[in-house]
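To keep things clear, I will list the structure first and then write my remarks on it.
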Amino acid sequence: MTSITGRLIKGSMWLSLSRAIVNGLATLSTFVLAWNLTPSDFGVVALGTTMLLIVSTVTELSLTEALIRHKAPDESHFSAAWTLNATRGLLLCLLFAVCAYPASVLFEEPRLTGVMLALGLSMFMGGLINPRRILLQRDLIFWQEFVLSVSQKFTGFIAAVAIAMIYHSYWALVIGTLVTQATNVIVSYLVLPFRPRVTFQHMREFFSFSAWLTAGQIVNTLNWRFDYLLVGKMLGGTALGYYSVGSNLAMMPTREATAPLTQTIYPGFSSISHDPPRLAAAYQRVQALVAAIALPAGIGVAVVADPLVRLALGEKWVPIVFVIQSLASVFALQTLGSLVQPLGMAKGETRLLFIRDTQMLLVRVPIMVIGLLLYGLPGIVIGRVFTGLFNALVNMILVKRFIGVTVLKQLSANVRALASVVVMAAGVTLAARYLGHTADKMMLVQQLALLVTLGGALYCGSSLLLWILMKRPPGPEMEIQKILGKILSKVRPA
């Protein structure tokens with residue numbers, strides 16, 4: 001376990017640096033675009049990207065996962081994967097071109113035609129990405145992933161921000177996506193040279209692994225994106241703009257805080273999937289560490305959402321405060337079982353993952369529709385809170401089936417993080433009420449700095465105190481000590 005854990009931690013260090021840069025650029029981009037564009041601009045692009053994601057997922061072949069799991073892929077496997085991806089990208093580009101105008105009529109949004117044509121082009125470019133880059137993840141090598149992630153985010157950021165500040169147009173969001181995709185394709189061949197050839201070998205081999213996984217992705221995307229189409233159709237572009245931006249900002253702290261670890265998990269689990277006790281121990285260690293990071297990040301943003309939105313986005317975006325407060329907390333709590341996906345893939349249990357996704361779709365869609373009809377946008381958000389918590393429970397039950405770790409044992413591994421985040425949330429909420437509301441920018445900066453510092457102190461202090469009182473049991477505290485020790489050993493002069 002030491003070898004795998006060490007490689008995962010080393011990979012996480014590279015990815016941490018990558019995500020710190022990417023996260024900073026993404027956050028800055030969101031703030032700049034929000035100041036220069038309107039909620040309606042975000043809404044029309046959200047409609048297009050939602051349809052892109054649904055169509056893309058429906059036709060997803062899961063070739064990346066198949067190549068990772070393959071014991072010894074050769075050049076013919078990579079060429080076959082490239083051929084399939086390029087063919088799929090071209091067909092989807094043509095499909096979006098055909099559907100662009102009818103979709104604009106359906107949603108009564110003329111701007112959607114151009115958005116869909118451009119996003120179709122981005123799908124075609126995405127099909128040309130170098131499939132050999134998966135070797136980097138498979139072999140737990142991440143410095144080249146750092147180059148890929150940072151380069152594409154930086155170019156997309158420059159393009160989007162420049163157009164937003166000069167033209168104040170929704171095209172900033174679209175062109176930023178196109179530039180990001182083009183950079184991704186070009187750099188993927190620069191960091192890992194590959195000359196693909198057209199071949200349709202290994203079709204059965206690819207599809208035998210990916211069939212259930214692809215079906216699950218289809219259902220899962222419909223599950224988590226159906227509400228975007230519902231809001232866009234029933235409530236209009238402005239409401240969808242609030243909803244999409246709020247959801248993205250709510251997801252960002254949890255996603256970015258845990259990405260350096262979660263990106264290494266699937267190849268790590270795959271490498272030890274033949275050893276059930278080792279896999280179960282590794283799962284509990286990684287899951288507890290992910291939750292210990294995600295809980296304060298997500299719930300912390302939820303409790304400071306009001307001053308954060310007023311300061312970073314302006315008064316016109318205040319309606320998204322409720323969205324962030326509700327969803328950021330749920331996204332954080334879902335990490336208690338969210339690692340079931342890479343765990344199930346590593347064990348080859350893709351059929352069970354598909355059944356889970358289908359069950360969630362059947363539960364979630366009716367709740368979303370009822371919530372929208374009864375309470376509008378707040379009803380959708382409340383529906384997502386309930387279904388998100390239910391999904392976390394289902395995932396934890398599925399973990400028990402995969403590796404035999406009970407739900408109670410999974411919760412007990414996170415008890416200190418859960419208790420500490422309650423202390424943090426209570427303390428920050430009381431302090432925020434004492435400070436009161438203000439529209440002055442400097443006062444908002446001071447309030448936000450004070451609340452963030454207080455929250456960090458309460459969470460870290462509570463976690464450390466509980467760990468000491470419980471006689472320093474194994475857990476995320478020890479994992480964080482090891483990570484910090486490795487980082488310090490890298491930067492300490494010889």
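Before moving on, here are some points about what is shown:
- For the pair VAL385 and HIS437, the difference between a 0.36 nm per residue extended length and the Cα-Cα distance amounts to 16.1 nm.
- Probe 1.4 Å, accessible area per residue of region 333-485, Å²: 52 Å²
- For the set LYS153/LYS316; LYS347/LYS471; LYS409/LYS482; LYS233/LYS441; LYS347/LYS409, the pairs lying more than 25 angstrom apart at their alpha carbons are LYS153/LYS316; LYS347/LYS471; LYS233/LYS441.
- Subtracting the Cα-Cα distance of ALA162 and ILE370 from 0.36 nm times their residue separation leaves 70.8 nm of extension gain.
- Approximating the spin labels as points 7 Å out from Cα along Cα→Cβ, the MET470-to-THR38 distance works out to 5.2 nm.
- Carbon + sulfur, % of accessible area of region 233-329 - ligands and nucleic acids excluded, 1.4 Å: 66 percent
- Taking the Cα centre of region 355-457 as reference, the dipole from Cβ charges on Lys and Arg (+1) and Asp and Glu (-1) amounts to some 340 debye.
- Protein-only accessible surface at a 1.4 angstrom probe places the residues ILE355, ILE380, ILE158, ILE299 in the order ILE158, ILE355, ILE299, ILE380, largest first.
- Mean Cβ count within 10 Å, highest first, over the residues of peptides 333-340, 423-430: 333-340, 423-430
- Extended-chain gain in nm, criterion 0.36 nm per residue less alpha-carbon gap, ALA97 and CYS460: 125.5 nm
The values are calculated or read from the model by the stated rules, or taken from the named source; none is laboratory data. These numbers come from a predicted model, not from an experiment. Here the Cβ is made from the backbone with ideal geometry for all residues, glycine too, and neighbour counts use every protein chain on show. Each accessible area value is taken on the protein alone, full model and side chains, heavy atoms only, with ligands, DNA and RNA left out. Shrake-Rupley method; radii C 1.70, N 1.55, O 1.52, S 1.80 Å.
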